[in-house]
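The values are calculated or read from the model by the stated rules, or taken from the named source; none is laboratory data. Predicted model, so just to flag it, every value in this text is computed and none were measured. We place every Cβ from the backbone using ideal geometry, glycine too, and count neighbours over all the protein chains shown.
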Amino acid sequence: MQVSDTQEVDLNKNGLVSLTDRLTIDCVWSNKQRKPSAKNGTRALLSDTDKPDILDKKFIKDMGEDEEESADYSKYIYFSQIGGILMKAVICTGYGPPEVLKFEEVEKPLPKSGEILIKVLATSCHVGDTRIRKCDIPLLYYIPYRIFIGITKPKKGKNILGMECAGKVEAVGKDVTRLKPGDPVFALTGFNFGAYAEYRCLPDKPNQGSEEREGMVAMKPKNMSYEEAATVPGGGLTALAAMRKLALQPGEELLIYGASGSLGVFSIQIAKHFGAKVTGVCSTANLEMVKSLGADEVIDYTKGDFAAGGKSYDAIYDAVYKLPGSRFKKLLKKGGRFVNSHQSLSIRMEDLDFLRDLIEKGDLKTFIDKTYSLEEIVEAHRYVDKGHKKGNVAITVAEE
């Protein structure tokens, strides 16, 4: 049997995906196919009402039906189809220089129950992305990393880099209540990364305690562009967790080493929000930028030993992890606290909303050094590899 048909559907009736309009598609299937294929990259479909032979019990169960006979096959075909459409993505084809990043067409993700499908408009070139690409991992984590990410290259499901993004909700799965199609959002993509692509699925409500691993989504700050918002989740959430770990009190003295990088930019402002007095350590070229972010004092490490002044601090944050902890701990007051950028920190779902509120109040901003298109991702990685970026590097994925 081979069937070719064109039909129209109001997807809201199925309760699976909330789209604002009605979608029409040409659907073709046969007994020999495992799933339908759309003509000319059509983005959604509804099928003939006849029961297609291509759907097995496992697929039906995955889509939320307990009994095969009670299945509404039209919505299964819809979900199967939307997952079968291709999108552009940057694949990390191996560990090595920026040139291992290659454009490919991959299957577009589909939102499962409780998931949000984001049309990615912007992402970033994060230091974390470059370290994954190079497999530049501290010795303590090297073996677990290779097992988790991939032995010889990042494995499928983890080979599209991109730790943060901003965009619009394209569609939502069943039981999603916080967001709706068309909402502008920004997101942390979790341990499966995936922002170097046109679309990314993320949970509406990640499991408590697993937010950093699963990823998280929130409404985008109203006073930020998509490029600006895309640079906030990774560095902003990590900086907020570090400042909370340090338990800063109003009036306490905080030293931030690496104050001009992404973590430093956000840490200065969040520490000031908590009432700390901040001393930032950076190079000559970045002194004015660090001052403009609110640092009370700045130290130019190119002019000599930053620790030579004899001053001690209540708390120290090493935002770049380039020096041994012993160098910093000598500068702590009795009972002082030290945190570095490689320590495991707790990140919570509500933290992304907290950052958005700070941004909309004018208490937190990003700093974008350079902006590249996704087609220029290799060049962006080359630039970040030099180790001298100021704040963040944004990547435009698509126009709004």
* Do we have any residue at all in region 267-283 that's in contact with a Ser or Thr (Cβ under 6 Å, 6 or more places away or on another chain) and either surrounded by fewer than 24 Cβ atoms within 10 Å (Cβ to Cβ) or touching a residue at least 60 places away in the same chain (Cβ under 8 Å) (or both)? -> yes
* Asked: Counting just the residues of region 63-112 that are at pLDDT 90 or above and of a type in the set (Ser, Thr, Tyr), which one comes out surrounded by the most Cβ atoms within 10 Å (Cβ to Cβ)?
  -> Tyr95
* Say whether the condition of being aromatic (Phe, Trp, Tyr) and either part of a strand (DSSP E or B) or modelled with pLDDT under 95 (or both) is met by at least one residue in region 218-234. => no
* Residues that are free of Cβ contacts under 8 Å to residues at least 12 places away in the same chain and not assigned by TED's automatic domain parsing to the domain that holds Met219: find the strands (runs of 3 or more DSSP E) completely inside region 284-357 holding 1 or more of those. => 332-340
* Asked: What number of residues in region 357-383 are surrounded by 22 or more Cβ atoms within 10 Å (Cβ to Cβ) and touching an Asp or Glu at 6+ places or on another chain (Cβ under 8 Å)?
  -> 2
* To do: May I ask you to verify whether Val172 is touching a Pro at 6+ places or on another chain (Cβ under 8 Å), touching a residue at least 60 places away in the same chain (Cβ under 8 Å) and closer than 30 Å to Ile147 by Cα?
  => no
* How many of the residues making up region 138-169 are under 27 Å from Lys108 (Cβ atoms) and assigned to a helix (DSSP H, G or I)? -> 2
* Structure fact -> Taking region 117-155 and the residues there that are basic (Lys, Arg) and in contact with a strand residue (DSSP E or B) (Cβ under 9 Å, 6 or more places away or on another chain), the one that is surrounded by the most Cβ atoms within 10 Å (Cβ to Cβ) would be Arg133
* To do: Output yes when any residue across region 288-311 is among the acidic types (Asp, Glu), over 24 Å from Ile359 (Cα atoms) and buried (at least 19 other Cβ atoms within 10 Å of the Cβ), and no when none is.
  => no
* Are any of the residues in region 281-291 among the small types (Gly, Ala, Ser) and farther than 19 Å from Lys365 by Cβ? -> yes
* Structure fact -> Counting only residues in region 229-249 that are of a type outside the set (S, T, N, Q) and farther than 15 Å from Ile316 by Cα, the one surrounded by the most Cβ atoms within 10 Å (Cβ to Cβ) is identified as Ala230
